1. Hey, among the residues in region A:396-421 that are touching a residue at least 60 places away in the same chain (Cβ under 8 Å) and within 8 Å of DNA strand C (Cβ to nearest atom), which one's surrounded by the fewest Cβ atoms within 10 Å (Cβ to Cβ)?
2. Give the number of residues within region A:130-169 that are of a type in the set (A, V, I, L, M) and within 12 Å of DNA strand C (Cβ to nearest atom).
3. In region A:161-194, which residues are in a helix (DSSP H, G or I) and within 26 Å of A:V383 (Cα to Cα)?
4. Looking at A:L192, A:L163, A:L138 in this structure, which one is crowded, with 17+ Cβ neighbours inside 10 Å and within 16 Å of DNA strand B (Cβ to nearest atom)?
5. Every residue in region A:259-278 that is touching a residue at least 60 places away in the same chain (Cβ under 8 Å) and in a helix (DSSP H, G or I), please.
6. Tell me which residues, restricted to region A:288-323, are within 22 Å of A:A385 (Cβ to Cβ), polar (S, T, N, Q) and assigned to a helix (DSSP H, G or I).
7. Of the numbered conditions (1) within 23 Å of A:D26 (Cβ to Cβ); (2) assigned to a loop (DSSP other than H, G, I, E, B), A:L197 fails exactly one; give the number of that condition.
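Computed from the coordinates by the stated procedures, all read-outs in this text should not be read as laboratory data. This is a predicted model, so every value here is computed, not measured. Please note: Cβ atoms are built from the backbone with ideal geometry, for glycine as well, and neighbour counts cover all protein chains shown.
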Amino acid sequence: MSGKRTPETSVKTALVWLRRDLRLGDNPALQAAIDTGGPVFAVYVLDEKRQFSPGGAQKWFLHHALQSLDENLKPLGVLLILRRGDAGKIIPALAAEFGARSVFWNRRYAEDEITTDKKVKAALKDAGIEPVSFNGALLAEPWEIKTKSGGPYRVYTPFWKALRERGPTRRECPAPSKKLKTPPPRVPSDKLGDWGLVPIKPDWASAFGEDWTPSEKDALDRLDDFLHGAINTYGRNRNRPDKHGTSRLSAFLALGLISPLTIWNRTCAAMDKSDVSGSEAWKFLSEVAWREFSYHLLYHNPKIPTEPFREQFKSFNWRSDKKALDAWRRGMTGVPFVDAGMRELWTTGWMHNRVRMLAASFLVKNLLIHWREGERWFWETLVDADPANNVASWQWVAGSGADAAPYFRIFNPVRQGEQFDPKGDYVRRWVPEIASLPDKHLHDPSSAPQKILEEAGVTLGKTYPKSIIDLGETRKRALARYDAMRNE
DNA sequence: TTTTGAGTTGTTCGA
DNA sequence: GTCGAACAACTCAAA
């Protein structure tokens, strides 16, 4: 080593460890690091061995988000350092190398993440470096919302009522704008391009760029657009995959390019100016609150990423069926609404929420395949994969989750299609091989007379798969298996 | 302690 | 086509 990288001892160097909070605005850890007045290093560590390390699709998003973050940090004089490996070792080592007085981060809530953070905390303390953590990810942290008897909520509606009454438990902090007085010295960083986050061959993310511009600015623009448009029809159109009825902010929330508090505050401001219908806006915020509820569940029930929330589901008799699982993943089940969703997911890294529910229901109820298989696939293919949301939502659909729907509520993808994609625009877009079928038969090609199939150029089993299961029979089978579990 | 009302997102069947 | 009931019981949260 040629000399010390350590800055003057009179200057307090700060390190901010960024994770799923890749933004400047409303970032308490970054703000605190900058407020120290000394040089600031920002570090992102990629550790693919960890449970909630971004999956394939999210890596694409991450690549662009880091690029954009770096561009935003530069004018402030904050250096973004990229490292790969065990954060438990890398962060304390870097802090020591920089002669940092403090390390700042925003808290995480999954058991595996908490374990890593505790390890880092202990190592820093041993080295005489101060670890400082903040709430940067939630409106209220899991220990801040309690039932009257002091425990965590296990049902959404009373949780939402309590959260709404309490409101966010911290203030939004503005994006830093002043250039730092003492920029930190240059430090080696991994090259983002070397991480291989963006697929090359095959380039399955080729179409992602049409839907996503992963930057903080794009997140704020999306929110702004939403608050000037779709929010006023949110209640009606949020369930319509054939329309642009949602905010499409999930991917930005998942990697923290925007905070839920910023969403909350700007939505409330739009309501106050009475530009926006209150009932529609509250409906939107209640969806943001579902994310909060999932985080609270995950924190208070650390085993739910792998174990059923409801104990009795431990004995549920899942099927294993590689062929069916594969057909589901590829969007080749022969059930148009399910296939449309699974193809949208593969092509764009995102799937409309209504379709997520019925595609998930199809896997766990009609096919009786374990929700963890679905959870794994979604983790790999969603740009918005979120440790809490993904797990809690899959368990909800499977019936093993908190506040689960009664088991007898089994989605029928044909009925759902008729209801939420009535003109078939969504299915025709993603399943073009049956696009010429008339509306009446589009969601259930097997119902079409041979003549109509021929006219539409559809040969079931050839140009488009025959449905791999009978919806009615598999529904009965699922109910029977649920009964068997209950009677054990 | 006991009681009471309620619980994101559905489907089918029969009148 | 439309409507209400049945589908199961159980657990949660608050009074």
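1. In this case the residue turns out to be A:F408.
2. Residues meeting the conditions: 4.
3. Once the filter is applied, which keeps residues that are in a helix (DSSP H, G or I) and within 26 Å of A:V383 (Cα to Cα), region A:161-194 yields A:L192, A:G193, A:D194.
4. Of A:L192, A:L163, A:L138, the one residue that is crowded, with 17+ Cβ neighbours inside 10 Å and within 16 Å of DNA strand B (Cβ to nearest atom) is A:L163.
5. A:P260, A:L261, A:T262, A:W264, A:N265
6. Passing the criteria: only A:S294.
7. (1)
Okay, residues lined up against (1) within 10 Å of DNA strand B (Cβ to nearest atom); (2) within 15 Å of the chain's Cα centre (by Cα):
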residue: A:W379; (1), (2): no, yes
residue: A:D384; (1), (2): no, yes
residue: A:G399; (1), (2): no, no
residue: A:A404; (1), (2): yes, no
residue: A:E418; (1), (2): yes, no
